[in-house]
1. Order 2, 72 by their accessible area, 1.4 angstrom probe, all chains in place, largest first.
2. Given 126, 100, 116, which one lies farthest toward the positive end of the charge dipole of region 89-184, if we put +1 on the Cβ of every Lys and Arg and -1 on the Cβ of every Asp and Glu?
3. Measuring with a 1.4 Å probe in the full set of protein chains, what accessible area per residue, in whole Å², belongs to the chain?
4. With respect to the cross-link table entries 26/115; 26/154; 56/90; 56/88; 53/129; 115/154, which display a Cα-Cα separation exceeding 24 Å?
5. In the P(r) worked out for the chain, what percent of Cα pairs fall beyond 26 Å?
6. If you average the C-alpha positions of region 75-114 and of region 56-72 separately, how far apart do those two centres end up, in angstrom?
7. Can you send over the carbon and sulfur percentage of the accessible area for region 1-77, probe radius 1.4 Å, protein chains only?
8. Using the Karplus curve 6.51 cos²θ - 1.76 cosθ + 1.60 with θ = phi - 60°, what ³J(HN,Hα) values do you get for each residue of region 45-51, in whole Hz, with x for Gly and Pro?
Amino acid sequence: MMLSDGHISQRSPKSNARFVFAQSGKPEKREYFNLVLSLMLPFCTIGYVPYSKFWKDSRHNVEYSSISLTTMQLPCFIELRSIWYLDKVKIVPSNITDLLTPIALAHWIMGDGSKHNEGLHLSVYSFSKSDVDLLVSALTNKFNLSCSLHNTDKGSRIYINKSSTNILRPLIVEHFVPSMKYKLGI
């Protein structure tokens, strides 16, 4: 989740930290959000209710929504923050190859993946070039996926080539919620 829409906030160096996960409120993302909520609920206060926000762009007459969850401030998130942040900037940990499991890859794709032709894009806009290189290396070396970088005006995206989708699908499909399987071409 940290490779996509998750982040860890800490108010001060002496305070505990909390995990925050936010996505657009589109109906097709709700099932995935509920999965993340079920996984993170033990770290939330009893009776926790996620935050929903709705707003309207009056210039274009378009309505938007988002949904987010925030855990309690806990010591366990301080340790995770030390791995995923450097000087308050989110980074890719140097041991990402060890951390990137099929479950983690499934969450990354459900959160920030998109089907592109017969392949798959992974958004990595917030990461540095060296962090993106670490991610490509992990995908290539650990999972034997053929990857390349596609540059856009927002930054780079990792492209998993269509030749690798037959390797990728069996690794992660069991970890996908049904509403997100379209990203795998299923």
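The values are calculated or read from the model by the stated rules, or taken from the named source; none is laboratory data. All values derive from a computational prediction rather than experimental measurement. Note that we place each Cβ from the backbone using ideal geometry, even for glycine, and neighbour counts take in every protein chain shown. Note: areas computed on protein heavy atoms with side chains; ligands, DNA, RNA excluded. Shrake-Rupley method; radii C 1.70, N 1.55, O 1.52, S 1.80 Å.
1. On the way: 2 20, 72 70 Å².
I get 72, 2, largest accessible area first.
2. 116
3. Details: 10350 Å² over 186 residues.
Here the residues of the chain average 56 Å² of exposed surface.
4. Values: 26/115 17 Å; 26/154 22 Å; 56/90 30 Å; 56/88 31 Å; 53/129 33 Å; 115/154 18 Å.
From 26/115; 26/154; 56/90; 56/88; 53/129; 115/154, over 24 Å: 56/90; 56/88; 53/129.
5. Numbers: 6106 of 17205 pairs.
For the chain, the share of Cα pairs beyond 26 Å comes to 35 percent.
6. One Cα centre to the other: 25 Å.
7. Details: 2740 of 4760 Å².
Accessible surface attributable to carbon and sulfur in region 1-77 totals 58 percent.
8. Going residue by residue, I get 5, 4, x, 4, 10, x, 9 Hz, with x marking Gly and Pro.
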